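K.L.:
Below: one structure in structure tokens.
The values are calculated or read from the model by the stated rules, or taken from the named source; none is laboratory data. Only a predicted model underlies this, so the values are computations on that prediction, with no experimental measurement involved. Ideal geometry is used to build each Cβ from the backbone, glycine not excepted, and the neighbour counts take in all protein chains shown. Note: accessible area is taken over every heavy atom of the protein model, side chains too, but ligands, DNA and RNA are not part of it. Shrake-Rupley method; radii C 1.70, N 1.55, O 1.52, S 1.80 Å.
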Amino acid sequence: MNFSEIEKLNTEKNNSNTRDIDILSTKQILTKINEEDQKVPGIVASQIDAITQLVDELYLKVHQGGRLIYIGAGTSGRLGVLDASECPPTFGVDKDMVQGLIAGGKEAMFIAQEGAEDSETDAVEDLKAIGLNELDFVVGIAASGRTPYVIAALRYANSLGAGTGSIACVKNSQIGEVAMFPIEVVTEAEAITGSTRMKAGTAQKLVLNMISTTLMIKLGKTYQNYMVDLQPTNSKLEKRAVRMIAELLSLETDHAYDLYIKSGKHVKLALVMHLAGLNLEEAQATLDANQGHIRLAINNLA
């Protein structure tokens, strides 16, 4: 094992600002952690150009029928699975469009499978199991930028002609050398040395939010800044759906609810029906003809 290689990683450095953290009061500890966390958004901002390039290529793949596949180990893998699992209820997409794979399988979401991150063969098998192809886009996530499971996954994806991106928290990461569209949010030393579930995890979560949300916006899953393709699967979401219709169309709640019911409980259809004066079937056909984009649908009818 090459210890000098690990010691050079930004994520493994000791943080001089928190060396006394074990003798501080509760409030002082919390303040120290918060001070470190406040550095993260600026670090992410420095990678906007790299994130832009990744999202634009990702959109081209998904627009042609491809999928977004996150893959990682430990905290990084869990964050990918989390982001993927939130896309269907938030944006109304099929559960297969955005997927998260974690080293060690589903069990690793709840119980650490520490040795799994070293398996290169598992990475390839996991991607084969979901039928990875050239239309897909794989984002490898690893705070250290050197996880064998992730590196192998990216290499396999490249071999198929799939798109590849990476999110690491170190400079000149190994996964960044393999991925076509690397992102390096260099969060430096953690408040607790080597605990990459902290700043590194926060940075990764921010980037994942940006990637998936921007993709969905470009796919027409929002109107203005409302998530109009949400799936109203419970009472709270139904109320949110009706409120969206009321706010976007400046309607009373009762009128918005009636429109919601007439649309088959589909916010996007309700909006097009009202804005364009169409019935349900006409609104659906108009949306389909405009790839689900409300603004395009309305503008093309004008």
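K.L.:
In nm, what is the difference between 0.36 nm times the number of residues separating GLU120 and GLN224 and their Cα-Cα distance?
P.N.:
33.1 nm
K.L.:
Which percent of the accessible heavy-atom area of the chain goes to carbon and sulfur, probe 1.4 angstrom?
P.N.:
Roughly 50 percent, rounded to a whole number.
K.L.:
Here's a follow-up. With springs only between Cα atoms under 10 Å, which of LEU280, LEU269, LEU101 fluctuates most in a Gaussian network model of the chain?
P.N.:
Taking springs between Cα atoms under 10 Å, the residue moving most is LEU280.
K.L.:
How large is ³J(HN,Hα), in whole Hz, for each residue of the range 111-121 in order, when computed from phi with the Karplus curve 6.51 cos²θ - 1.76 cosθ + 1.60 and θ = phi - 60°, using x for Gly and Pro?
P.N.:
Once θ is set to phi - 60°, the couplings for the range 111-121 become 10, 4, 10, 4, x, 5, 5, 8, 8, 6, 5 Hz.
K.L.:
Give me log10 I(q)/I(0) at q = 0.24 Å⁻¹ for the range 236-293, Debye formula, one equal scatterer per alpha-carbon, no solvent.
P.N.:
-0.88
K.L.:
Could you do me a favour and compute the accessible area per residue for the chain, 1.4 Å probe, result in Å²?
P.N.:
Here the per-residue accessible area is 49 Å².
K.L.:
Here is a follow-up. Evaluate E = 1/(1 + (r/R0)^6) for THR52 and LEU160, where r is the Cβ-Cβ distance and R0 equals 30 Å; express this FRET efficiency to the nearest 0.05.
P.N.:
Step by step, r from the Cβ atoms, then E = 0.75.
K.L.:
Is there a quick way to get the dipole size of the chain? I mean about its Cα centre, with the Cβ of Lys and Arg at +1 and of Asp and Glu at -1; what is the value in debye to the nearest 20?
P.N.:
With only Lys, Arg, Asp and Glu charged at Cβ, the dipole is about 580 debye.
K.L.:
Also, quick follow-up: Looking at the chain, identify the longest residue range that excludes and avoids all GluC sites (Glu not before Pro) in DSSP loops having at most 16 other Cβ atoms within 10 Å.
P.N.:
That gives 1-133 as the longest site-free run.
K.L.:
With percent of Cα pairs over 30 Å apart defined as stated, name the option among (i) 32; (ii) 42; (iii) 47 computed from the structure displayed.
P.N.:
The listed entry that was calculated here is (ii).
K.L.:
Just list whichever of LYS32/LYS205; LYS39/LYS218; LYS61/LYS106; LYS205/LYS239; LYS95/LYS268; LYS27/LYS171 have alpha carbons separated by over 24 Å in the model shown.
P.N.:
LYS39/LYS218; LYS61/LYS106; LYS205/LYS239; LYS27/LYS171
K.L.:
How much solvent-accessible surface does THR193 expose, in Å² to the nearest 10, with a 1.4 Å probe and all protein chains in place?
P.N.:
Rounded to the nearest 10, the figure is 70 Å².
K.L.:
A further question follows. Looking at LEU208, GLN113, LEU154, which one has the Cα that reaches farthest to the positive end of the dipole of the chain (charges on Cβ: Lys, Arg +1; Asp, Glu -1)?
P.N.:
LEU208
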